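The values are calculated or read from the model by the stated rules, or taken from the named source; none is laboratory data. Please read these numbers as outputs of a predicted model, since none were measured by experiment. For neighbour counting, all protein chains shown are included, and Cβ atoms are generated from backbone atoms with ideal geometry for every residue, glycine included.
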């Protein structure tokens, strides 16, 4: 079985400072990987390197494209990379307003990716926008409202709908539940878990919330100071942490 | 002549503008940056169009200026006088006699010949601007031909108004490549963008020049189930009776009285001189005598 994403020795430096270094892993179709670590540990730098928002200074990010098999996304041309990020990839930002067009209606937001890949039939675009709003539990009569009229949780769900409408195979998520209250978080996680299973998505989730990875992730990578300090199955890492930092991280969670 | 250099601008500047025009003609619809000069009129009054006109005018040219189709509005009169004074060129109000026509918001009803140049005044040259505020990003979208966003605007129109409500500055795709803002002409004029004459677009404040060479394919964007429609007021001109020209609506009294008339004054006058009379018109004087 070929991995969907094959990361080899990725490194990103900010001048002399290390963003992230020596990161390698394989991600297989249908697998969800969590990346945890404290603020400044290089989680977001790594995610942005993988998603093509930043150019890594070293290493390869091979993605299993539909037509040509494994291709290095770091060296592929920009139009190809941007095409991937519109079709096979999705990126869910921490703040929904970074990933949404706030002055465009919910339907337009969901339809944008469809139109970007060539859909030119208004009725069809609107139907699939309405369908996707339903799948993320936003009622169909809100299709013409702007995201500014939505609550934080709804905005985040709208962002997810907008990203998944073109049927991507790999989803990058940067703190998808950050800034939401716990009950909304729980529903969002439930929704995400359902979508990931139903669409057989692979996902890379960056978070500092261990509960999120416990629920969603199959595998876990713990980062500290730009390096990966521990990897393994989620339950294994969380229940039997080996590295000192992981032990600290796990024991820092408040038990209510 | 006058103390001005021919057509106001110095030769160096005109050369720079001509280079931009040639590049624009070579890449139809592409916005060429140029070093726009201060002109003796405020931005928004056609500083881009005036600079383009100044660069293409020759002493043998006959110049015509229209504003919203009319030859006798303030903007048109002052630009026409400007070039009368600084270039000493012949001026005219007749579309067929002009070799260079500067326009704001309209294309003349009379179709242009291949020896005529149409110069547009453009306020905002970037069709994607209201959806994507970043110039860096819009340039990248043009270069990578990522135009999905333009359809998002049309989608929003249909979802809010039930039809594509954009009635002017309607986006077009030029020669299957660049999406272009045709300046704020009514969408009624969009089909006329495929013409025999050269079309030059100048945006003074935004410092961009773009062009459509003769006989270039220009397609108005639309959806399969909401096709483009060149709409106009569903009436005939009350002065000349024309049903095929773009009409202005004029309120004539306090009782809701109104009339429609051709926005192209030269076209309307020619029709009246040829004996056509609309519902509220009087026969032209030549016929009455």
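Some observations on this one:
- Helices (runs of 4 or more DSSP H) fully within the range B:1-107 that include at least 2 residues being over 29 Å from residue B:273 (Cα atoms) and modelled with pLDDT of 95 or more: B:11-26, B:47-56.
- Of the residues making up the range B:250-259, none is in contact (Cβ under 8 Å) with a residue 40 or more places away in the chain and either away from chain A (no Cβ under 14 Å) or out of contact with any strand residue (DSSP E or B) (no Cβ under 8 Å at 6 or more places or on another chain) (or both).
- Taken as a whole, the structure leaves residue B:233 outside the set of residues that are in contact (Cβ under 8 Å) with a residue 40 or more places away in the chain, assigned to a loop (DSSP other than H, G, I, E, B) and either loosely packed, with under 14 Cβ neighbours inside 10 Å or away from chain A (no Cβ under 14 Å) (or both).
- Of all residues in the range B:217-228, those being in a loop (DSSP other than H, G, I, E, B) and in contact with a helix residue (DSSP H, G or I) (Cβ under 8 Å, 6 or more places away or on another chain) number 7.
- Of the helices (runs of 4 or more DSSP H) contained entirely in the range A:1-119, not one carries at least 3 residues that are away from chain B (no Cβ under 14 Å) and over 20 Å from the mean Cα position of the chain (by Cα).
- From the list A:72, A:64, A:57, A:22, the one residue that fits, being farther than 25 Å from residue A:245 by Cβ and surrounded by fewer than 16 Cβ atoms within 10 Å (Cβ to Cβ), is A:72.
- Scan of the range B:174-211 for residues that are surrounded by 23 or more Cβ atoms within 10 Å (Cβ to Cβ), part of a strand (DSSP E or B) and touching a helix residue (DSSP H, G or I) at 6+ places or on another chain (Cβ under 6 Å), ordered by number: B:200, B:202, B:203, B:209, B:210, B:211
Let's see how each residue does on (1) at pLDDT 95 or above; (2) over 29 Å from residue A:66 (Cβ atoms); (3) out of contact with any strand residue (DSSP E or B) (no Cβ under 6 Å at 6 or more places or on another chain):
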position	(1), (2), (3)
A:140	no, yes, yes
A:156	no, no, yes
A:163	no, no, no
A:178	no, yes, yes
A:185	no, yes, yes
A:191	no, no, yes
A:200	no, no, yes
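- Selection from the range B:154-175 of residues that are more than 14 Å from chain A (Cβ to nearest Cβ) and at positive phi: B:169, B:175
- Residues being surrounded by 18 or more Cβ atoms within 10 Å (Cβ to Cβ), more than 7 Å from chain A (Cβ to nearest Cβ) and in contact (Cβ under 8 Å) with a residue 24 or more places away in the chain - total across the range B:134-153: 3
- Residue match in the range B:158-166 (condition: assigned to a helix (DSSP H, G or I), touching a helix residue (DSSP H, G or I) at 6+ places or on another chain (Cβ under 7 Å) and in contact (Cβ under 8 Å) with a residue 12 or more places away in the chain): yes
- Pick from the range A:75-93, criterion buried (at least 17 other Cβ atoms within 10 Å of the Cβ) and more than 23 Å from residue A:176 (Cβ to Cβ), ranking: modelled with the lowest pLDDT: A:83
- Within the range A:179-201, the set of residues being more than 22 Å from residue A:98 (Cβ to Cβ) and either surrounded by 13 or more Cβ atoms within 10 Å (Cβ to Cβ) or touching a residue at least 60 places away in the same chain (Cβ under 8 Å) (or both) comprises A:186, A:193, A:199, A:200.
- Residue list for the range B:158-168, filter: surrounded by fewer than 18 Cβ atoms within 10 Å (Cβ to Cβ) and out of contact with any strand residue (DSSP E or B) (no Cβ under 8 Å at 6 or more places or on another chain): B:160, B:161, B:162, B:163, B:165, B:166
- Qualifying residue in the range A:197-206 (condition: within 22 Å of residue A:45 (Cα to Cα), out of contact with any helix residue (DSSP H, G or I) (no Cβ under 9 Å at 6 or more places or on another chain) and not in a strand (DSSP E or B)): no
For (1) within 12 Å of chain B (Cβ to nearest Cβ); (2) assigned to a loop (DSSP other than H, G, I, E, B); (3) under 19 Å from the mean Cα position of the chain (by Cα), each residue gets a yes or a no:
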{"residue": "A:124", "(1), (2), (3)": "yes, no, no"}
{"residue": "A:129", "(1), (2), (3)": "yes, no, no"}
{"residue": "A:134", "(1), (2), (3)": "no, no, no"}
{"residue": "A:138", "(1), (2), (3)": "no, yes, no"}
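- Looking at A:66, A:71, A:120, A:101, just one residue is modelled with pLDDT under 90 and in contact with a helix residue (DSSP H, G or I) (Cβ under 9 Å, 6 or more places away or on another chain), and that residue is A:66.
- Hey, residue B:267 under 17 Å from the mean Cα position of the chain (by Cα) and closer than 23 Å to residue B:173 by Cα or not: no
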